[in-house]
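Remarks on the structure that follows.
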Amino acid sequence: MNHKTKLIRYLFYFSLFFLFLIYLLPGELIKFQKNNELNALKEFYGAINHFFYFFYLTIVCLVSYIDKFFFIKASIFLLILSILIEFLHLYVPNREFSLFDIMANASGFGLGFFIITLTKKYIKKWYE
């Protein structure tokens, strides 16, 4: 394993740790007022954050595990994680389960997977 692979894998593991830390902390990091307009914005911005974080996580993971065998396993792991992380909100105090967030997580995964699948041969050349 070369130094590029190690660096990207460390980035993936750190990002995974950060995901669990942020997504499973009780409560919210940013407080919103009890205003209907702000609550709608909160839901929208939350979904955008979910989308971009899973997009980023998918790209980093699949680039670090570009080998075909691990690529498939990593893809399945990320898809399950994108759904499971939201179901874990049912058991974390002051967190809410949202189907909209599951769709955003899965969409971020899907776009990242699509982009990496299209550019896979160029990524393999980069590792050489």
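List the residue pairs whose Cβ atoms are under 6 Å apart, where the first residue sits in region 110-123 and is over 13 Å from residue 78 (Cβ atoms), the second is in a helix (DSSP H, G or I), and the two are 6 or more positions apart or on different chains.
Going by the 6 Å Cβ cut-off, the qualifying pairs are 123/63.
If you scan region 81-101, which residues turn out to be more than 18 Å from residue 21 (Cα to Cα) and part of a helix (DSSP H, G or I)? Give the derivation first.
Step one: of region 81-101, the residues more than 18 Å from residue 21 (Cα to Cα) are 98-100.
Those that are more than 18 Å from residue 21 (Cα to Cα) and part of a helix (DSSP H, G or I): 99, 100.
For the structure I just gave you, tell me whether residue 66 is at pLDDT 90 or above and either within 26 Å of residue 117 (Cα to Cα) or surrounded by 15 or more Cβ atoms within 10 Å (Cβ to Cβ) (or both). Quick ask: steps written out before the conclusion?
On the way: at pLDDT 90 or above: no; either within 26 Å of residue 117 (Cα to Cα) or surrounded by 15 or more Cβ atoms within 10 Å (Cβ to Cβ) (or both): yes.
In short, no.
Yes or no, residue by residue, for (1) buried (at least 16 other Cβ atoms within 10 Å of the Cβ); (2) in contact with a helix residue (DSSP H, G or I) (Cβ under 7 Å, 6 or more places away or on another chain); (3) over 20 Å from residue 64 (Cβ atoms):
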{"site": "77", "(1), (2), (3)": "no, no, no"}
{"site": "86", "(1), (2), (3)": "yes, yes, yes"}
{"site": "96", "(1), (2), (3)": "no, yes, yes"}
{"site": "99", "(1), (2), (3)": "no, no, yes"}
{"site": "104", "(1), (2), (3)": "yes, yes, yes"}
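If residue 52 meets every condition in (1) at pLDDT 75 or above; (2) more than 18 Å from residue 99 (Cα to Cα); (3) among the hydrophobic types (A, V, I, L, M, F, W, C) apart from one, which number is that one?
Among (1) at pLDDT 75 or above; (2) more than 18 Å from residue 99 (Cα to Cα); (3) among the hydrophobic types (A, V, I, L, M, F, W, C), the lone unmet condition for residue 52 is (2).
How many residues, within region 102-128, are modelled with pLDDT under 90 and assigned to a helix (DSSP H, G or I)?
8
Among (1) in contact (Cβ under 8 Å) with a residue 60 or more places away in the chain; (2) part of a loop (DSSP other than H, G, I, E, B), which single condition is residue 63 missing?
Here residue 63 clears every test but (2).
The values are calculated or read from the model by the stated rules, or taken from the named source; none is laboratory data. The structure presented is a predicted model; accordingly, all values stated were derived computationally and were not measured. Heads up, the Cβs are rebuilt from the backbone with ideal geometry, glycines too, and the neighbour counts pull from every protein chain shown.
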